[in-house]
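S.K.: Questions regarding the structure given below will be posed in turn.
The values are calculated or read from the model by the stated rules, or taken from the named source; none is laboratory data. These figures come from a predicted structure and were not determined experimentally. Note that each Cβ is placed from the backbone with ideal geometry, even for glycine, and that neighbours are counted across all protein chains shown. These accessible areas exclude ligands, DNA and RNA; they are computed on the full protein's heavy atoms, side chains included. Shrake-Rupley method; radii C 1.70, N 1.55, O 1.52, S 1.80 Å.
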Amino acid sequence: QVQLAESGGGLVQAGGSLRLSCAASGRTFSNYAMGWFRQAPGKEREYVAVITRASDRRYYTDSVKGRFTISRDNAKNTLYLQMDSLKPDDTAVYYCAATSYGLATTKGVYDYWGQGTQVIVSS
């Protein structure tokens with residue numbers, strides 16, 4: 001089992017920045033590829049960014065490329081999402097997730113999920 005806990009969400013004005021964190025406990029964090037997903041009201045949960053175990057590959061959904069950065073610190077068992085130039089369309093609950101696959105953008109292959117942190121971007 002891996003337990004995940006997100007933090008860092010909040011209310012921010014458009015153009016602002018937030019840094020989300022995801023603290024992992026339980027099994028060895030570095031054994032898992034990690035991802036950030038988000039779910040806006042009335043919409044499906046969608047992938048935002050994913051990162052491999054060793055941080056050698058990272059993928060971003062098109063809408064956040066150039067604005068968001070995913071990173072991880074395996075020594076601290078923590079995943080991050082730096083979000084800059086935020087837009088109202090980024091408003092959602094953000095979830096971190098862990099998968100034993102090498103790298104995946106499909107939420108169905110993620111084994112463990114956090115409880116989510118709310119991000120609200122005002123215009």
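S.K.: Given the conditions (1) crowded, with 22+ Cβ neighbours inside 10 Å; (2) touching a residue at least 40 places away in the same chain (Cβ under 8 Å); (3) among the small types (Gly, Ala, Ser), report the number of the one that ALA49 does not fulfil.
M.R.: (2)
S.K.: Let me ask another. Out of all the residues in the range 69-77, is one or more among the small types (Gly, Ala, Ser), touching a residue at least 60 places away in the same chain (Cβ under 8 Å) and over 20 Å from GLY9 (Cβ atoms)?
M.R.: No, the range 69-77 contains no residue that is among the small types (Gly, Ala, Ser), touching a residue at least 60 places away in the same chain (Cβ under 8 Å) and over 20 Å from GLY9 (Cβ atoms).
S.K.: Suppose we filter ARG19, ARG27 for residues that are closer than 20 Å to SER100 by Cα and open to solvent by 30 Å² or more (accessible area, probe 1.4 Å); which single one remains?
M.R.: Answer to the selection: ARG27.
S.K.: Just to confirm my filter: which strands (runs of 3 or more DSSP E) fall fully inside the range 6-123 and include at least 3 residues that are of a type outside the set (A, V, I, L, M, F, W, C)?
M.R.: Details: elements: 10-13, 18-26, 33-39, 46-51, 58-60, 68-73, 78-83, 92-99, 117-122.
Hits in the range 6-123: 18-26, 33-39, 58-60, 68-73, 78-83, 92-99, 117-122.
S.K.: Which ones in the range 78-111 are farther than 16 Å from VAL64 by Cα, of a type outside the set (Val, Ile, Thr) and either open to solvent by 40 Å² or more (accessible area, probe 1.4 Å) or at pLDDT below 95 (or both)?
M.R.: Matches in the range 78-111: SER100, TYR101, GLY102, LEU103, ALA104, LYS107, GLY108, ASP111.
S.K.: Okay, moving on. List the number of the failed condition for ARG58; all other conditions in (1) modelled with pLDDT under 95; (2) closer than 17 Å to ALA98 by Cα hold.
M.R.: Failed condition: (1).
S.K.: Still on this structure, please answer the following. Name the residues in the range 72-91 that are on the phi > 0 side of the Ramachandran plot and among the hydrophobic types (A, V, I, L, M, F, W, C), would you?
M.R.: Listed by number, the list is empty, since nothing qualifies.
S.K.: Among (1) in contact with a strand residue (DSSP E or B) (Cβ under 8 Å, 6 or more places away or on another chain); (2) open to solvent by 30 Å² or more (accessible area, probe 1.4 Å); (3) modelled with pLDDT of 95 or more, where does MET34 come up short?
M.R.: Only one criterion is unmet by MET34, namely (2).
S.K.: Can you spot a residue in the range 54-69 that is touching a Cys at 6+ places or on another chain (Cβ under 7 Å) and either open to solvent by less than 40 Å² (accessible area, probe 1.4 Å) or over 18 Å from ALA5 (Cβ atoms) (or both)?
M.R.: no
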